[in-house]
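Data first, discussion second: the structure below is written as structure tokens.
Each reported figure results from applying straightforward, stated rules to the coordinates on display, with no laboratory input. All values derive from a computational prediction rather than experimental measurement. Here the Cβ positions follow ideal geometry from the backbone for every residue, glycine too, while neighbour counts run over all protein chains shown.
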């Protein structure tokens, strides 16, 4: 299994370096549908998740990828603020509408549920 992950990551890194959008999109889709590997954490552990590679993928494919809490924890533990910045620059955690709803409920002291926030 490790050899297949190695091959998959090597293919992914190669596609990123060549800026081969169709292969990158296919590999992301295939991973999301079939493998469910934590590709970016695996890349980080193997020291192949460079700033340039990560920025490229986040810029063009952020809607299609999953950033794991394990990756974020590893970045925090290693004080890797540059890669964390890439994540926070490209992923909207809370939008303005969400914040407004929270403030409204807080201001009016109304209990909220998940459905209230949607």
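Report the normalised scattering of the chain as log10 I(q)/I(0) at q = 0.10, 0.11, 0.13, 0.18 Å⁻¹, calculated by the Debye formula with identical scatterers on the alpha carbons.
-0.40, -0.47, -0.61, -0.93
When 25, 92 are ordered from fewest to most other Cβ atoms inside 10 Å of their Cβ, what list results?
Lowest to highest Cβ neighbour count: 92, 25.
Could you grab the relative contact order for region 2-92? Cα pairs under 8 Å, six or more apart, rounded to a whole percent.
The value is 28 percent.
Calculate how steeply helix 81-90 sits against the longest principal axis of the alpha-carbon atoms of the chain, using the helix alpha-carbon long axis, and give the answer as 0 to 90 degrees to the nearest 10.
Value to nearest ten degrees: 60.
So which residue, out of 99, 72, 23, gets the largest mean-square fluctuation from a GNM of the chain using Cα contacts under 10 Å as springs?
99
Please determine, in degrees from 0 to 90 and to the nearest 10, the orientation of helix 96-107 with respect to the longest principal axis defined by the Cα atoms of the chain, where the helix direction is its Cα long axis.
It works out to around 40 degrees.
Taking neighbour Cβ counts within 10 Å as the exposure measure, how do 84, 103 sort from fewest upward?
103, 84
Please rank 71, 27, fewest neighbouring Cβ atoms within 10 Å first, as an exposure proxy.
27, 71
Using only Cα atoms, find the angle between the long axis of helix 51-61 and the longest principal axis of the chain, and express it within 0 to 90 degrees, rounded to the nearest 10.
With both axes taken from Cα atoms, the answer is about 60 degrees.
Tell me what the chain gives for mean residue ellipticity at 222 nm when only DSSP H runs of n ≥ 4 count, each as -39,500 (n - 2.57), the sum divided by the residue total, rounded to 500 deg cm²/dmol.
After summing the helix terms and dividing by residue count, I get -20000 deg cm²/dmol.
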